[in-house]
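The values are calculated or read from the model by the stated rules, or taken from the named source; none is laboratory data. Keep in mind that what you see is a predicted model, and the values were worked out from it rather than measured. Cβ placement follows ideal geometry from the backbone for every residue including glycine, while neighbour counts extend to all protein chains displayed. To get the accessible areas, we keep the full protein, side chains included, count just its heavy atoms, and leave off ligands, DNA and RNA. Shrake-Rupley method; radii C 1.70, N 1.55, O 1.52, S 1.80 Å.
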Amino acid sequence: MSTTEMTVDGYRIEALGPGTWDAFAGLAERHNGVWGGCWCTWFHLHPDPPERRELGHREFKRQLVQQDRTHAALVFDGDEAIAWAQFGSVAELPNIHHRKEWEQGVTQPPDYRITCLFVDRRYRRQGMAAIAVRGALELIAAAGGGLVESYPHDVPPEKKMSASFLYNATRSMYEQLGFTYQRPKGKGNCVMTKTV
């Protein structure tokens, strides 16, 4: 994956890589390693490799970055990373919630999946998740494109959910970004796709 840099709605987007590791780590560290200290590694863990347990989430993620085995679009405000959208192939990100149900319903495996979004708490509810996803789509397109799948929360409009629990945003956000609803997945999630 190249170190493509672009701008989305005035925010710089850069690919996660050795040159952006410190900015990514800064965002994760400001939020206690994100999602309970996961460091956005959970989707890599099927099966859970022994080195992850030996190294811990932070170092395991750093090594994945060094080896070009993990990808994300980072959103920057100045020199500070303020959001990200993790993406990769099914082989790179084999662990998804409700995986067995997904496997039973898949008709065409995606070329890429977007599995996790995170926004700095100071920037939440300002459209940063959508900017991160748009950045991921741009990076995917630059890498050759294909069928992109994501698994947002399918939250009824009358139900309010804290942004801190929305690890992959909402169906309505993805619909606004041109994704098509495919099917439900588990309780409260769904499968959505877009070709880029």
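I'm trying to understand the selection: among the residues of the range 7-19, which are hydroxyl-bearing (Ser, Thr, Tyr) and either touching a helix residue (DSSP H, G or I) at 6+ places or on another chain (Cβ under 7 Å) or closer than 13 Å to Ala83 by Cβ (or both)?
The first filter runs over the range 7-19 and keeps only residues hydroxyl-bearing (Ser, Thr, Tyr), leaving 7, 11.
Across the range 7-19, the qualifying residue is only Tyr11.
Test of understanding: among Asp154, Asp111, which residue is acidic (Asp, Glu), touching a Cys at 6+ places or on another chain (Cβ under 7 Å) and over 21 Å from Thr20 (Cα atoms)?
On the way: Asp111 fails: touching a Cys at 6+ places or on another chain (Cβ under 7 Å).
Residue meeting the stated conditions: Asp154.
For every residue, the table says whether it meets (1) under 17 Å from the mean Cα position of the chain (by Cα); (2) outside any loop (DSSP other than H, G, I, E, B).
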| residue | (1), (2) |
| --- | --- |
| Glu14 | yes, yes |
| Arg69 | yes, no |
| Phe76 | yes, yes |
| Pro94 | yes, no |
| Trp102 | no, yes |
| Leu117 | yes, yes |
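From the residues in the range 120-144 that are open to solvent by 20 Å² or more (accessible area, probe 1.4 Å) and touching a helix residue (DSSP H, G or I) at 6+ places or on another chain (Cβ under 8 Å), which one is farthest from Leu93 (Cα to Cα)?
Arg125
Since Val65 meets every condition but one in (1) touching a residue at least 24 places away in the same chain (Cβ under 8 Å); (2) outside any helix (DSSP H, G or I); (3) not charged (D, E, K, R), which condition does it not meet?
(2)
Among the residues of the range 29-57, what is the count of those that are crowded, with 16+ Cβ neighbours inside 10 Å, in contact with a Phe, Trp or Tyr (Cβ under 7 Å, 6 or more places away or on another chain) and either farther than 20 Å from Ala73 by Cβ or without any contact (Cβ under 8 Å) to a residue 40 or more places away in the chain (or both)?
Within the range 29-57, residues that are crowded, with 16+ Cβ neighbours inside 10 Å, in contact with a Phe, Trp or Tyr (Cβ under 7 Å, 6 or more places away or on another chain) and either farther than 20 Å from Ala73 by Cβ or without any contact (Cβ under 8 Å) to a residue 40 or more places away in the chain (or both) number 4.
Looking only at the range 172-192, which residues are at pLDDT 90 or above and surrounded by fewer than 18 Cβ atoms within 10 Å (Cβ to Cβ)?
Within the range 172-192, Ser172, Glu175, Gln176, Leu177, Gly178, Thr180, Tyr181, Gln182, Arg183, Pro184 meet the criteria.
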